[in-house]
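This report refers to the structure that appears directly beneath it.
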Amino acid sequence: MVLAAEIEAAASLRHTIRAEAEREGGRIATAHGVARQHILCVSASLQAAVLQREFTVSSSKEDQGQPPHCPEPNQLKAGQSLALSVALCHTMANQRHSGPRSYAINTMTDRFDCHYCHDTLYGKKYIKKDEKHCCLRCFDKFCANTCAECRRPIGSDAKELHHKNRYWHEDCFRCAKCYKPLGNEPFSAKDDKILCNKCSSREDSARCHGCYKPVLPGTQSVAYKGNTWHEECFTCFQCKLPIGSQSFLTKGEDTYCTSCHEKKFAKICAHCKKAITSGGVSYQDQPWHTECFVCNTCKKPLAGLRFTAHEDHLYCVDCYKTTVAKKCSGCDNPITGFGKGTNVVNYEGQSWHEYCFTCKKCSLSLANKRFVTHSEAIYCPDCAKKL
């Protein structure tokens, strides 16, 4: 009867201690910044004075050795008391988004059997997963996740990393490009590939149109017509020197510095014999710089204006009249070849406008007709007979 009374008192004390531990668990949840449902309240029997009121509160981050199960009241013996512990559940205590975790392996102090092989777990190492208790052998066989890299089980003695429902051994969690271990490093996931930040930047970067290697952010580059080059890869097709920020010209798909383009493709001005890089004027099938196509006398630009040429020189109309044109022996005005009567009649060193070459007496036009000269005057044959 004494033992029965002790057991009943122990059950009452157990209830009281659990209530206090529940309140303490709420405090721990707040301190760790986790939801209350992620706090486990577990108790264990400890050797102490008979029915001594005591309990222990700790975090599984600090103390992984707390037994996970409480004994039933009818299993208590004289000289034992209840001790209660509060622990963060494994899901919150060990898991990291990309860091290693391992399952807590505990020693069974209660009489439970393995969920799979039904062997007793009392006094043996075991793991609890999905509310099922299993021995280490069955965990590796039935519960262990498969590594996404090596396709082998992640056993109870290994550290596990996971990301978006995929799992890796800690040593298998590497960059898919450079194979750098990423267990404690930031990473990116792209098309089911795990990449370090450096390789991820290379994957996302534009490709150089010259060497086809990535153009990494922050590097000097040249962009032209939708393509990108490393600065050192944007070179002249002819001399192979980097163009950089200098002016350049293209021919088809090739790029040239200004100097090489002039030497290879530019037309040569008929006046100064230098390359014409833009614009220009064509006269008698010869190219000219616009600034070279000017009046020989007044230097006025002649592009778009009336002009004439005399002895390989160009003249505007006004300068031609005043400096070059012959004077008409009939009207004494310059013979320019412009306007009315552009034809000229030349005779014995003298020149006339076509319309000025007429008979002195009757004013008959004598252009392309027979005429007679008398005392430096011109007459038609009929008027000459009457002299």
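All of the numbers you see were taken from the coordinates with simple rules; none came from a lab. Since we're looking at a predicted model, the values are computed, not measured. Ideal geometry is used to build each Cβ from the backbone, glycine not excepted, and the neighbour counts take in all protein chains shown.
Taking the mean number of other Cβ atoms within 10 Å as a proxy for protection, how do you rank 223-233, 161-171 from highest to lowest? Mind showing how you got there, number by number?
On the way: 223-233: 14.3, 161-171: 17.2.
Descending packing order for the listed peptides: 161-171, 223-233.
Give me the percent relative contact order of the range 340-385, please, defined on Cα pairs under 8 angstrom at least 6 residues apart. All intermediate terms of the calculation are to be shown ahead of the outcome.
Working: 58 pairs, mean separation 11.8, N = 46.
Relative CO of the range 340-385 lands at 26 percent.
Can you tell me which lysines have their Cα less than 19 Å from the Cα of residue 263? Leave out same-chain residues fewer than eight positions away.
The qualifying lysines are 240, 251, 273, 274.
Can you list the chymotrypsin sites (Phe, Trp or Tyr not before Pro) in the range 288-348 that are in a DSSP coil and have 16 or fewer other beta carbons within 10 angstrom? Present the calculation step by step, with values, prior to reporting the outcome.
Values: sites: 288, 293, 307, 315, 320, 338, 347; in loops: 293, 338.
Listed in order of number, the matching sites are 338.
Average the reciprocal distances over every distinct pair of alpha-carbons in the range 267-323, invert the result, and give the Kirkwood radius in Å. Don't jump to the answer; show the numbers that get you there.
Working: mean 1/r = 0.0867 Å⁻¹.
After inverting the pairwise mean of 1/r, the radius is 11.5 Å.
Suppose R0 equals 51 Å; then what is the FRET efficiency for residue 227 and residue 327 from their Cβ-Cβ distance, rounded to the nearest 0.05?
On the way: r = 66 Å, r/R0 = 1.29.
After rounding, the FRET efficiency stands at 0.20.
Can you classify the range 218-264 as rounded, prolate or oblate using the Cα gyration tensor, where a ≥ b ≥ c are the square roots of its eigenvalues, rounded means a/c under 1.5, and otherwise it's prolate if a/b beats b/c and oblate if not?
On the way: a/c = 2.33, a/b = 1.66, b/c = 1.40.
Judged from the Cα gyration tensor, the range 218-264 comes out prolate (a/c at least 1.5, a/b above b/c).
Going down the table (225/299; 141/198; 299/326; 125/190; 125/180; 132/180), which pairs top 31 Å between alpha carbons?
225/299; 141/198; 125/190; 125/180; 132/180
Would you tally the net charge around residue 324, using a Cβ to Cβ cut-off of less than 12 Å, leaving residue 324 out, and scoring K and R as +1, D and E as -1?
Every neighbour counted, the sum reads +1.
Cross-link candidates for residue 385: which lysines have Cα within less than 20 Å, leaving aside residues fewer than 8 places away along the same chain?
Qualifying lysines at Cα under 20 Å: 360, 361, 369.
Under the rule of at least 5 residues apart or a separate chain, name every residue whose amide H is placed under 5 Å from the amide H of residue 113.
Those qualifying (amide H under 5 Å, at least 5 residues apart or on another chain) are 121.
Given labels modelled 7 Å from the Cα in the Cβ direction, how far is it in nm from residue 189 to residue 211?
3.4 nm
Can you give the Rg/Rh ratio of the range 219-350, where Rg is from the C-alpha atoms and Rh is the Kirkwood radius?
On the way: Rg = 23.7 Å, Rh = 18.7 Å.
Over the Cα atoms of the range 219-350, Rg/Rh equals 1.27.
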